[in-house]
1. For the range 167-176, does any single residue satisfy the condition of being surrounded by 12 or more Cβ atoms within 10 Å (Cβ to Cβ), modelled with pLDDT of 80 or more and among the polar types (S, T, N, Q)?
2. Please work out if residue 253 is under 55 Å from the mean Cα position of the chain (by Cα) and part of a loop (DSSP other than H, G, I, E, B).
3. Report whether or not residue 350 is modelled with pLDDT under 90, open to solvent by 60 Å² or more (accessible area, probe 1.4 Å) and more than 16 Å from the ligand (Cβ to nearest atom).
4. Hey, does the range 126-136 have a residue that's farther than 30 Å from residue 25 by Cβ, touching a Ser or Thr at 6+ places or on another chain (Cβ under 8 Å) and at pLDDT below 85?
5. May I ask you to verify whether residue 205 is assigned to a loop (DSSP other than H, G, I, E, B), polar (S, T, N, Q) and either surrounded by fewer than 14 Cβ atoms within 10 Å (Cβ to Cβ) or at pLDDT 95 or above (or both)?
6. For the range 288-320, give me each residue that is within 43 Å of the chain's Cα centre (by Cα), small (Gly, Ala, Ser) and open to solvent by less than 40 Å² (accessible area, probe 1.4 Å).
7. So which of 324, 312, 345, 307 ends up being part of a loop (DSSP other than H, G, I, E, B) and on the phi < 0 side of the Ramachandran plot?
8. Starting from the range 444-461, keep only residues that are under 17 Å from residue 385 (Cβ atoms), then list their pairs with residues that are open to solvent by 60 Å² or more (accessible area, probe 1.4 Å) and assigned to a strand (DSSP E or B) whose Cβ atoms are within a distance under 6 Å, requiring at least 6 positions of separation or different chains.
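The values are calculated or read from the model by the stated rules, or taken from the named source; none is laboratory data. All figures in this text were calculated on a predicted structure; none of them were measured in a lab. Quick reminder, even Gly has a Cβ in these numbers, built from the backbone with ideal geometry, and neighbours come from all protein chains shown. The area values use the complete protein model at the heavy-atom level, side chains included, leaving out ligands, DNA and RNA. Shrake-Rupley method; radii C 1.70, N 1.55, O 1.52, S 1.80 Å.
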Amino acid sequence: MRKKRGTLANLLLKNYLFLYFLTTAIFIFSVIFTVSVGRFSLKNLSDSPVTADQIMKDNYTNIDITKVSQYNGFVEIIDNKYNVVYRKGFFKKDRPSKYTSQQYHDLLINNLKSSDYDDNYYYSFSYNKNKDFLLVLGIPKTPPNGNYDEFYSKLAILFFIGVIFYFFTLIIGTIIFSRLTSKNFVTPLKIILKGVDNIAQGDYSTRIHLKCRNEFSNLKDAVNIMASKIEEETNLKEKAEETRRRLIMDISHDLKTPLASVIGYSDFLVNNPSLSLQERSKYLQIIQRNSIRANDLITDLFEFSKFESYTFKLHLKSENICEFMREIIASYIPEIEEKNFNYNFDISEKDIFIAFDWKSMDRAISNLITNGLKYNPPKTTLNISLKQRFGKAEIIIQDDGVGIPKDIAKDIFKPFVRVDSSRNSQSGGTGLGLAITKKIIEKHDGTITLETDKNKGCKFTITL
Ligand code: ADP
């Protein structure tokens, strides 16, 4: 079962969330940055920089008002009768020289606005117990010298810095985000594209390696499967092409020898009319033998290609295969005895009915028996058995003759493979017999195997 993978939609959602948090964080960071810078640069403009306690002295005439003056502030000393006994610094002329109890509490203590005059000050108080007076320190709420222009232009610069900072961090954030997005989307696409390009250029061994768990991974798998299928097909095609080439070479080679002999001897006969009847007959026999061999080769070749063709259909009929085997064996007994072979036949007494093509199966089994008789010396024992095993018919054709060397035996069912590789006509075979037998058995959905080695005989097992 295919593993459930994270989808691109999830990836997109993750990216969107990340972008959302990134922009929010940038915004918050920009605000904090601007406020901090603002507080630092506007500090001097808004907060009261000095308190009454800090400058208190028993002798109020000695009070140092340098710092107070810097901020356009003033100090007042008020005695216990609310009289202003001392005043220094920048103060408005209309400040009262005596406070009423009401004014004293409203204006100074509670910092309420008086209708009498514009009182826009930060106040700070300090009571001197020793001398029984109150020190009032007033700093105007407006910037120094009432410089609003400077204040507002500083605010504007600050706002501008804030905006610049916001956009700057936003650009950096966007670059980081685009890099991350690229890693998730563009990089896998590039890798897949490169692989597809290689495949398109004919390198079917290309496999895409990608570590991710989303649709890109599915795409990568699909491309890899496609490439391996094409590679497999191409290899098969090349192999088939190679087999076809080899087959044509083998056919032409095998046909050349008998035909050259036919042409040579017939030429000789035509050009020498004075030959004796005996000589003529000898050469005619050679021509006949070679013509038969060429004919056998062409017939076998035709048979082989017929069984190999996809369009060829067997004439299947359900028949008793035991009866079929008995008939074949009976037809071979005279030849077996003539060649002085020993034999054992063990055909099941019980009828075994299977669907097979009598004529083709005759060809397949006959090939094996003929080979046994053809390639082995007299006194060889030929064993033929037919049994029912595991619901299948098992035919064994075995001899204890010369056998086939193991290295050749592995290819013996391929066309034109023979132990006698010199390919002369001595043994008379075409090298197509076993290839045809195998094709026929396979057409019947059966199998054929061979157990053999040099001097160990041959054991052909057919299962149908
Ligand atoms: P051929 O037409 O040459 O007989 P086959 O495909 O039938 O072609 O056999 C291939 C080769 O296998 C033969 O040339 C022969 O050398 C070897 N062979 C086949 N059957 C036997 C056997 N029973 N004993 C020894 N050699 C065999």
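1. Yes, some residue in the range 167-176 is surrounded by 12 or more Cβ atoms within 10 Å (Cβ to Cβ), modelled with pLDDT of 80 or more and among the polar types (S, T, N, Q).
2. No: the conditions fail for residue 253.
3. It is false that residue 350 is modelled with pLDDT under 90, open to solvent by 60 Å² or more (accessible area, probe 1.4 Å) and more than 16 Å from the ligand (Cβ to nearest atom).
4. Looking for residues that are farther than 30 Å from residue 25 by Cβ, touching a Ser or Thr at 6+ places or on another chain (Cβ under 8 Å) and at pLDDT below 85, one finds none in the range 126-136, hence no.
5. Spelling it out, residue 205 is indeed assigned to a loop (DSSP other than H, G, I, E, B), polar (S, T, N, Q) and either surrounded by fewer than 14 Cβ atoms within 10 Å (Cβ to Cβ) or at pLDDT 95 or above (or both).
6. Residue satisfying the conditions is 309 alone.
7. Among 324, 312, 345, 307, only 312 is part of a loop (DSSP other than H, G, I, E, B) and on the phi < 0 side of the Ramachandran plot.
8. Close Cβ pairs (under 6 Å, with a partner that is open to solvent by 60 Å² or more (accessible area, probe 1.4 Å) and assigned to a strand (DSSP E or B)) amount to 459/398; 459/451; 461/449.
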